[in-house]
Amino acid sequence: MAGKPIPVSTANEMIRTYLDYMTKQGVDMGKQTHSVSFTSAELMSWMKEVSPYADEFRICMGAYMQEPFDKITTIIWPYKDGHPSRKPLSQGKDGDDEPVDPFNDGNTHP
């Protein structure tokens, strides 16, 4: 199932399983984030910009850094060769590079 599209029915079941699991852990899912959305134009623009420096994108879970900590988020982090991506600052100089910033600033639901 990894690395390819899945049926809508499978996705819906995975989401239901997550919500049920969190509820059983005592989490009030009426206040907890269920999903994070990004506009396609902003996300695609960023992905196009960083794709030359990445061979995978990791979706990391995170929490907004203000209380209450009931809103989680996702961070889309570009990786290359198993490490966070870096981009060269100048051509031909080893070690002259900088990290590629991850993507977030999505909208949480609810």
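Among the residues of region 22-35, those that are without any contact (Cβ under 8 Å) to a residue 12 or more places away in the chain and surrounded by 12 or more Cβ atoms within 10 Å (Cβ to Cβ) comprise Met22, Thr23, Val27, Met29. For region 23-74, a residue qualifies if it is assigned to a loop (DSSP other than H, G, I, E, B), among the polar types (S, T, N, Q) and either modelled with pLDDT of 90 or more or out of contact with any strand residue (DSSP E or B) (no Cβ under 6 Å at 6 or more places or on another chain) (or both), and the qualifying residues are Gln25, Gln32, Thr39, Gln66.
Total residues in region 89-110 satisfying the condition of being over 28 Å from Thr33 (Cα atoms) and at pLDDT below 85: the figure is 8. Regarding Leu19, is this residue in a helix (DSSP H, G or I), surrounded by 11 or more Cβ atoms within 10 Å (Cβ to Cβ), touching a residue at least 60 places away in the same chain (Cβ under 8 Å) and not small (Gly, Ala, Ser)? For Leu19, the condition - in a helix (DSSP H, G or I), surrounded by 11 or more Cβ atoms within 10 Å (Cβ to Cβ), touching a residue at least 60 places away in the same chain (Cβ under 8 Å) and not small (Gly, Ala, Ser) - is not met.
Residues in region 61-74 that are charged (D, E, K, R) and surrounded by 12 or more Cβ atoms within 10 Å (Cβ to Cβ) were compared, and the one that is farthest from Asn104 (Cα to Cα) is Asp70.
Considered as a group, the residues in region 75-87 that are in contact with a helix residue (DSSP H, G or I) (Cβ under 9 Å, 6 or more places away or on another chain) and over 19 Å from Gly106 (Cβ atoms) include one that is modelled with the lowest pLDDT, and that residue is Lys87.
Among the criteria (1) basic (Lys, Arg); (2) surrounded by 10 or more Cβ atoms within 10 Å (Cβ to Cβ); (3) not in a strand (DSSP E or B), the one Lys87 does not fulfil is (3). Among the residues in region 47-60, are any surrounded by 11 or more Cβ atoms within 10 Å (Cβ to Cβ), farther than 22 Å from Asp101 by Cα and not polar (S, T, N, Q)? There is no residue in region 47-60 that is surrounded by 11 or more Cβ atoms within 10 Å (Cβ to Cβ), farther than 22 Å from Asp101 by Cα and not polar (S, T, N, Q).
The values are calculated or read from the model by the stated rules, or taken from the named source; none is laboratory data. Only a predicted model underlies this, so the values are computations on that prediction, with no experimental measurement involved. Backbone-built Cβ (ideal geometry, glycine too); neighbour counts: all protein chains shown.
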